[in-house]
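S.K.: Quick one: this structure, given as structure tokens, is what I'll be asking you about.
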Amino acid sequence: MRGERQLRTMVAGEPPAPRTEEARHPALVMQRLHENKLALCAALEAIADALPDGVCRAECLRIASLLVPLLRQAHAYEDDVIFPAFAAAAPDADLTIHRLRVEHVEDESFADEVTEILLAVGHGEPITNAEAMGFMLRGLFETLRRHIAFEREHVLPAILG
Ligand SMILES: [Fe+2]
């Protein structure tokens with residue numbers, strides 16, 4: 001479809017469409033998505049560090065609203081664009097890709113649970129078990145950071161060719 005659009009644009013003599021996200025190299029898009037996820041991790045860590053008395057309830061609501069949508073967006077792009085490119089560049093990577101896809105599903109499920117807690121705290125519920133909440137938050141951001149570190153080390157270099 002993009003080809004047809006470009007062709008029509010060229011035929012019509014119109015200027016090329018503005019450079020969109022999808023027109024960038026997939027590795028650059030992936031890097032930006034990773035940066036967004038790492039910013040989320042930092043925010044989750046700040047909440048965990050502030051437990052229980054220093055937690056900002058508005059920040060909990062902000063992160064609750066961003067967490068799952070941002071992960072879904074990043075995972076969808078990796079599943080649809082990055083992993084096929086990785087498979088083409090590294091034909092023996094099937095098991096690795098399978099593992100990364102499974103981690104995406106697990107991370108989204110984990111993020112759903114964390115979102116519920118952040119929403120509850122954000123809406124004013126008392127933090128009855130700060131240790132358990134901190135354990136969950138740390139579990140999520142540490143898992144996300146490990147996943148990102150692996151993709152940076154093994155997937156990005158492969159798709160950059
Ligand atoms: Fe990923």
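The values are calculated or read from the model by the stated rules, or taken from the named source; none is laboratory data. This is a predicted model, so every value here is computed, not measured. Glycine gets a Cβ as well: all are built from the backbone with ideal geometry, and neighbour counts include every protein chain shown. In case anyone asks, the SASA skips ligands and DNA or RNA and just uses the protein heavy atoms, side chains included. Shrake-Rupley method; radii C 1.70, N 1.55, O 1.52, S 1.80 Å.
S.K.: I'd like to know if region 110-124 contains one or more residues that are within 16 Å of the ligand (Cβ to nearest atom) and touching a Lys or Arg at 6+ places or on another chain (Cβ under 7 Å).
M.R.: No, region 110-124 contains no residue that is within 16 Å of the ligand (Cβ to nearest atom) and touching a Lys or Arg at 6+ places or on another chain (Cβ under 7 Å).
S.K.: Follow-up question, since we're still on this one. Inside region 144-161, can you point out the residues that are within 13 Å of the ligand (Cβ to nearest atom) and open to solvent by 40 Å² or more (accessible area, probe 1.4 Å)?
M.R.: Listed by number, the residues that qualify are 145, 146, 149, 150, 152, 153, 154.
S.K.: Something else about it: Which pairs have Cβ atoms under 6 Å, sit 6 or more apart or on different chains, and link a residue in region 135-161 that is hydrophobic (A, V, I, L, M, F, W, C) to one that is not in a helix (DSSP H, G or I)?
M.R.: Going by the 6 Å Cβ cut-off, the qualifying pairs are 158/90.
S.K.: Which condition number in (1) under 22 Å from residue 29 (Cα atoms); (2) in contact with a Ser or Thr (Cβ under 8 Å, 6 or more places away or on another chain) is the one that residue 64 fails?
M.R.: Every condition holds for residue 64 apart from (1).
S.K.: Only one of these conditions is not met by residue 68: (1) under 14 Å from the mean Cα position of the chain (by Cα); (2) open to solvent by 50 Å² or more (accessible area, probe 1.4 Å); (3) more than 14 Å from the ligand (Cβ to nearest atom). Which number is it?
M.R.: Condition (2) is where residue 68 drops out.
S.K.: Counting only residues that are touching an Asp or Glu at 6+ places or on another chain (Cβ under 8 Å) and modelled with pLDDT of 95 or more, give me the helices (runs of 4 or more DSSP H) lying completely in region 1-120 with at least 1 of them.
M.R.: In region 1-120, 26-50, 57-77, 83-89 are the helices (runs of 4 or more DSSP H) which contain 1 or more residues that are touching an Asp or Glu at 6+ places or on another chain (Cβ under 8 Å) and modelled with pLDDT of 95 or more.
S.K.: Same structure again: Specify which of the listed residues (134, 124, 139) is of a type outside the set (Lys, Arg) and open to solvent by 30 Å² or more (accessible area, probe 1.4 Å).
M.R.: 124
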